[in-house]
Amino acid sequence: MWRDSVSDGLVQIGRRAPAAATPVAASSTPADAETSPAEGARVYVETYGCQMNVADSDLLLGILGEAGYRRTDRADEAELLVLNTCAIREKAEERVLARASELAALKRRRPGVVLAVVGCMAEHLKAKVAERAPLVDVVAGPDSYRRFAGIVGARRSGGAGAAPAVVDVKLDRAEVYEGLSGEAGGDGVSGFVTIQRGCDKFCTFCVVPYTRGRERAVAPREVLRQVRAHADAGYREVVLLGQTVNSYRHEEAGFADLLRAVARVDGIERVRFTSPYPVDFTERVIDVVADEPKVCNYVHLPVQSGSDRVLERMRRGYTSGEFRALVARLRERVPGIALSTDILSGFSGEDEDDHAATLALMRELRFDFCFMFSYSEREMTYASRRIPDDVTPEVKKRRLREIVALQETISAEVNAAHVGRRERVLIHSRSKRSADELLGRTDGFKAVILPRGDTRPGDLVDVVIERANLATLFGRVAA
Ligand code: 5AD
């Protein structure tokens, strides 16, 4: 999984393999469809970037479903093409611009097709998206989705192609899309529930506060409504999403309260959350992870760097010592807890000592796995204005290579230690490689491949691990 992140810093999330055209929302009534200008129109969505984008694509598909669109997984038969994008690193944006040009070829063949770029890159580049990809019709930011069907509808009836692109990138401090039912997403076993949008941390390297706007919380009753809806639809796991998910606060309720309430929803067997911010990882949250059996013993805790000087320049708000103390506390309170992290290598001013400090921290803390990135300067951020990007591309590449090599060794060793153990595994889907194999996950979020036998997606089974590589465990259902 993290290999994708290493290769280009951008993961295109594969969508569930559906029939060619499926209704996108169960709640779209025939009456809506009859009066809707979009009746019968098909929408194709490609999602780039983080889990929140995956959840946003489902939200958008729900909104478009209400407007009469049907989803298709074939770009060449769609009337509406949507790229839901990421702006976190430059490569992410380059790849989307290249993809937009490819899709524009379909527009030339089928006049009237609308091409939309939505999400973080739309917010980041605004009208510049249309300058760099001239055949884009609509540019819409992450807070514009309620208006999206209307914008696209106007564009379709006004004749796509000729007019300048419609750009709607207004951020809205209150928008949390309450009450909207997105298309059922995920793999049908594990689903995302967005509990918070935006970010208030303003780390100096990071564009997210500018692309997703300020932090806001979804009300607990709405979160619980969505979690129950997942349980009713047969999901066994929910993943609570937020840019700094544990900073969650809605009136009197903090993250610990919400997490506990979610863990007590009948029908849901596992609860995960991502990504927490180290500074906001309170003792109360640790208590909930430790005592609630359905809250998984796995935490993704982005450290970014092992050097205090670099952490300070990044304005992360903690020292490497404070981060180590948090990891020690988690391991003490939740024995066997699995931990993963993000490392951002080559940030402005990082020298060889700083880099060595990162490697030392990785060796010491031995994360189960890790997402590793080279610094990419992003317009709008504090660093782009004030802290020169002075580490050369060659040095960045070499440091990232060293970080990846170290983590490969650690992950292989950590995974090898699971061989012979019995693990509780939630089966998520068939394995991509073979119809006779299934893919599941341990409580600690490790991927497990096992023979199909009588086991089905959604089952929770005990699996004996027989072998492992650095990314995957292999086993069979315990007798
Ligand atoms: N360049 C490279 N990586 C970045 N990240 C965030 N901003 C940047 C950037 N400008 C990484 C961080 C973050 C993860 C989601 O992406 O490691 O935790």
Legend entry - Residue list for the stretch 440-459, filter: within 21 Å of the chain's Cα centre (by Cα) and either of a type in the set (Val, Ile, Thr) or open to solvent by 50 Å² or more (accessible area, probe 1.4 Å) (or both): Thr442, Val448
Inset, instruction - Would you check if there is a residue in the stretch 106-120 being farther than 30 Å from Gly179 by Cα, among the small types (Gly, Ala, Ser) and more than 16 Å from the ligand (Cβ to nearest atom)? - result: yes
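Which one of these is at pLDDT below 95 and either open to solvent by less than 50 Å² (accessible area, probe 1.4 Å) or within 24 Å of Asp232 (Cβ to Cβ) (or both): Ser429, Ser434?
Details: Ser429 fails: at pLDDT below 95.
Testing whether each residue is at pLDDT below 95 and either open to solvent by less than 50 Å² (accessible area, probe 1.4 Å) or within 24 Å of Asp232 (Cβ to Cβ) (or both) leaves just Ser434.
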Inset, instruction - May I ask you to say which residue of Val96, Val24 is crowded, with 22+ Cβ neighbours inside 10 Å, at pLDDT below 50 and not acidic (Asp, Glu)? - result: Val24
Inset, instruction - Please enumerate the residues belonging to the stretch 178-207 that are surrounded by 21 or more Cβ atoms within 10 Å (Cβ to Cβ) and over 30 Å from Leu439 (Cβ atoms). - result: Gly198, Cys199, Cys203, Phe205, Cys206, Val207
Inset, instruction - Evaluate the stretch 314-321: report whether one residue or more is aliphatic (A, V, I, L, M), in a helix (DSSP H, G or I) and within 12 Å of the ligand (Cβ to nearest atom). - result: yes
Inset, instruction - Could you grab me the full set of residues in the stretch 220-259 that are in contact (Cβ under 8 Å) with a residue 60 or more places away in the chain and open to solvent by 30 Å² or more (accessible area, probe 1.4 Å)? - result: Gly234, Arg236, Gln243
Legend entry - Extreme residue, nearest to the ligand (Cβ to nearest atom), among residues of the stretch 351-406 that are part of a strand (DSSP E or B) and hydrophobic (A, V, I, L, M, F, W, C): Phe373
Legend entry - Any chance Arg309 is more than 26 Å from Cys296 (Cα to Cα), in contact (Cβ under 8 Å) with a residue 24 or more places away in the chain, of a type outside the set (Gly, Ala, Ser) and more than 15 Å from the ligand (Cβ to nearest atom): yes
Inset, instruction - Select from the stretch 270-288 the residues that are under 21 Å from the mean Cα position of the chain (by Cα) and either away from the ligand (no atom under 16 Å from the Cβ) or not in a strand (DSSP E or B) (or both) and list them in ascending order. - result: Arg270, Val271, Arg272, Ser275, Pro276, Tyr277, Pro278, Val279, Asp280, Phe281
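Here's the yes/no breakdown for (1) surrounded by fewer than 14 Cβ atoms within 10 Å (Cβ to Cβ); (2) of a type in the set (Asp, Glu); (3) in contact with a helix residue (DSSP H, G or I) (Cβ under 7 Å, 6 or more places away or on another chain):
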| position | (1), (2), (3) |
| --- | --- |
| Asp291 | yes, yes, no |
| Val295 | no, no, yes |
| Val303 | no, no, yes |
| Arg313 | no, no, no |
| Leu326 | no, no, yes |
| Arg331 | yes, no, no |
| Pro335 | yes, no, no |
Legend entry - Within the stretch 60-79, tally of residues that are closer than 20 Å to Glu123 by Cβ and in contact with a helix residue (DSSP H, G or I) (Cβ under 9 Å, 6 or more places away or on another chain): 3
Legend entry - Output for the stretch 438-466, where each listed residue is within 13 Å of Ala338 (Cβ to Cβ) and not in a strand (DSSP E or B): Asp443, Gly444, Phe445, Lys446
Legend entry - Restricting the stretch 328-344 to residues that are over 23 Å from the mean Cα position of the chain (by Cα) and closer than 20 Å to Ile410 by Cα, the residue that is nearest to the ligand (Cβ to nearest atom): Leu330
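The values are calculated or read from the model by the stated rules, or taken from the named source; none is laboratory data. Owing to the predicted nature of the structure, the values given are computational and were not obtained by experimental measurement. All Cβ positions, glycine included, derive from the backbone under ideal geometry; neighbour counts span all protein chains shown. SASA here: full protein model, heavy atoms, side chains in, ligands and nucleic acids out. Shrake-Rupley method; radii C 1.70, N 1.55, O 1.52, S 1.80 Å.
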